[in-house]
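Structure first, commentary second.
The values are calculated or read from the model by the stated rules, or taken from the named source; none is laboratory data. On a predicted model such as this, the values are computed, not experimentally measured, just so you know. Here Cβ is always computed from backbone atoms with ideal geometry, including for glycine, and neighbour counts include all displayed protein chains. For the accessible areas, the whole protein counts, side chains as well, though only heavy atoms, and no ligand, DNA or RNA atoms are used. Shrake-Rupley method; radii C 1.70, N 1.55, O 1.52, S 1.80 Å.
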Amino acid sequence: MNEPTDPLDDIPRLKTSTGDRRSHSQARATHELLQLADQCVKCGLCLPHCPTFQQARQEADSPRGRIALIQGWAGGHLAMTPTLAGHLDGCLGCLNCERVCPSEVAYGRIADQAKALRTAALPAPRRTLMRLALGALSNARLMGRFARVPRLYRRLGLARLAELLGLDRIHALRPYHRMATAMGAVARPIAPRNPERANIDLFLGCMGSAAEGRAVEATLKVAARLNLRICIVSPDTCCGAMFRHNGLPAEADAQRDACVRVHGERPLVGLASACIAELRGDPTLRDTLELCAFLDGVEWPQTLRIRPDRRRVLVHEPCSHRNQLGGNAAVHRLLKRIPGLAVAPMPPGQGCCGAAGTYLLRHPVMAEALLADLLAPVRLDTPDVIVTTNPGCALHLAAGVRKAGLDIAVLHPVELIAAALGPEP
Ligand code: SF4
Ligand code: SF4
């Protein structure tokens, strides 16, 4: 009798960019990737919703084009040249395409799995370097200490000095200068706290201190006025998105498993829509809530006095909030509690501000072009405040507003609520 054969034995062991044949597990992953990509019927209905296609007007920078390139490469018909890699890496991961696709193509999974295969094909020393660099960037304690750097950059006037010397116009330095300056305004040290009978765990993630410090202070103030007890655990955790989107899914899973171990016992609430979307990928953390949705759902004391605020506010909706968390209606409901506040949705521009995690550092030209489109109508009718629920978007927006010389505050919605509650009685 013949031995049963593995159906994957028929899959050709493709040569990788390093000349090695793909291992059996890689062949299996390739097979799965091609099956996912085959769901795309190439109708093109996603193209008008893709920010990079809108900017570049090239098929290779569209979801359909990228899927076709992945099929060509994974099927062994195309080599992973720098040009091909550039088209794939130019994707923002916004998932606008996934939301509008009538065939329900899982574009996010396709992009992540293709990246994982590409990373697996890299020489071992390069993979190790990637692991170390991403591990440092997603280390909450390290990033918490790093948060002092942008604060000093801004406080000591180094940001102004860099601008006077024209360093901010040097292509390679510009995105770092913009980020450090924007971070300098929001970075705060955050102390762990573990009150008795805490109602919720607050998820800070790796960038909590560096990018959300001011919003966390506002959250603690609002929570106190609503008689909520918040736990901020130490050691801090990271959702793992940085590893996942850079082709290291095992490391991403390990970080999310650590979140389950630390937070799995209590209700979890986070300020960053992108982190929450990532956490919800784990069954134990599926009920993780975005802060505004949480605050919208709890009972507010009848005696709570909310002061009027006559400012005009535009509500920016991050891609992760729109495409993965089902939209930001709770933000609008929450802000309606403030008497006098004029709240309107921000016109979406090309559908993404261009921040997209570390995208704004790796692709500053595209990131700035998308931001310019988003801010174009804002420049004509300037609001007092823009609110957003993702810290990466907030930093990018703040940098763009500053560069355009506009007098607009960029805040998390909870900061407006905290201001309207006034000082402790
Ligand atoms: S991803 Fe979906 S919408 Fe886009 S071309 Fe493929 S099937 Fe059509
Ligand atoms: S994730 Fe966003 S940028 Fe990437 S292909 Fe889809 S729509 Fe375009």
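On full extension, the segment bounded by VAL149 and LEU361 gains 74.6 nm, given 0.36 nm per residue less the C-alpha separation.
Look at the dipole of the chain built from charges on Cβ: of PRO267, ALA419, SER25, the Cα furthest out on the positive end belongs to ALA419.
Here the extension length gained between ASP407 and LEU226 equals 62.0 nm, from 0.36 nm per residue of separation less the Cα-Cα distance.
The helix-only estimate of mean residue ellipticity at 222 nm for the chain, built from DSSP H runs of length n ≥ 4 each weighted as -39500 (n - 2.57), is -14500 deg cm²/dmol after division by the residue total. Isolated cysteines of the chain, defined as having no other cysteine beta carbon under 4.7 Å away, are CYS40, CYS43, CYS50, CYS91, CYS101, CYS231, CYS259, CYS292, CYS353, CYS393. Of HIS24, HIS321, HIS363, the order by accessible heavy-atom surface (1.4 Å probe, DNA, RNA and ligands excluded), from most exposed downward, is HIS24, HIS363, HIS321.
Extension gain, HIS77-ASN194: 0.36 nm per intervening residue step, less the Cα-Cα distance, totals 36.5 nm. FRET efficiency for the LEU167 to ARG379 pair, using the beta carbon distance and R₀ = 22 Å, is estimated at 0.30. Note on ARG307/VAL260: beta-carbon distance plugged into 1/(1 + (r/R0)^6) with R0 of 45 Å gives a FRET efficiency of 0.65.
Heavy atoms of the protein chains alone define the surface here; on that basis the chain has 48 Å² accessible area per residue at 1.4 Å probe size. For the chain, the share of DSSP beta bridges that are antiparallel, to the nearest 5, is 10%. The 1.4 Å probe gives accessible areas that order LEU397, LEU161, largest first, as LEU161, LEU397. Solvent-accessible area assigned to carbon and sulfur over the chain amounts to 55 percent, based on a 1.4 Å probe.
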